[in-house]
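One structure is given here, and the rest of the page talks about it.
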Amino acid sequence: MARARTHELEYRGHLVGLEVDEDGDLVLSLDGVERKRRASSGLHCAYVWTNVELHWEEHHYLEARWWPATDRLALTVNGRLLFEEPGAQE
């Protein structure tokens with residue numbers, strides 16, 4: 001069973017939600033609206049992404065990854081690390 005937790009981060013005036021729920025789903029939301037959800041069952045790494053246009057065709061590619069085996073969680077925007085929660089050592 002997954003260790004459930006939720007993180008909310010402000011990015012460019014918007015609230016980005018990153019959640020691992022009790023069922024082991026990885027959930028990415030923006031301003032309280034769920035954008036993507038992926039079950040981690042049988043996966044080495046659960047991955048969700050969304051492309052968001054924030055200002056005048058300025059695109060932001062948000063990617064979240066969760067490694068269930070180590071419980072590491074990471075969020076990047078346009079390839080740059082925005083948030084990381086290190087997991088247990090393998």
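The values are calculated or read from the model by the stated rules, or taken from the named source; none is laboratory data. It should be emphasised that the depicted structure is a prediction, and the values quoted were computed from it without experimental measurement. With ideal geometry, Cβ positions are generated from the backbone for all residues, glycine too; neighbour counts draw on all protein chains shown. All accessible areas refer to the heavy atoms of the entire protein, side chains included, with ligands and DNA or RNA removed. Shrake-Rupley method; radii C 1.70, N 1.55, O 1.52, S 1.80 Å.
Just a few scattered comments:
- Annotation note: chymotrypsin sites (Phe, Trp or Tyr not before Pro) in segment 1-60 located in DSSP loop regions with a Cβ neighbour count of at most 14 within 10 Å are TRP56.
- Exposure rank, largest accessible area first [GLU85, GLU34, GLU19; 1.4 Å]: GLU34, GLU19, GLU85
- Labels on offer are (i) 13.3; (ii) 18.7; (iii) 16.2, and the one holding Kirkwood radius over Cα pairs in Å computed from this structure is (i).
- Heavy-atom accessible surface of the chain: percent carbon and sulfur, 1.4 Å: 48
- The chain: relative contact order as a whole-number percent, Cα under 8 Å and 6+ apart: 16
- Rounded accessible area per residue of the chain, 1.4 Å, Å²: 63
- Across segment 53-67, the residues whose backbone nitrogen lies under 20 Å from the label position 7 Å along the beta-carbon direction of ASP23 are 64-67.
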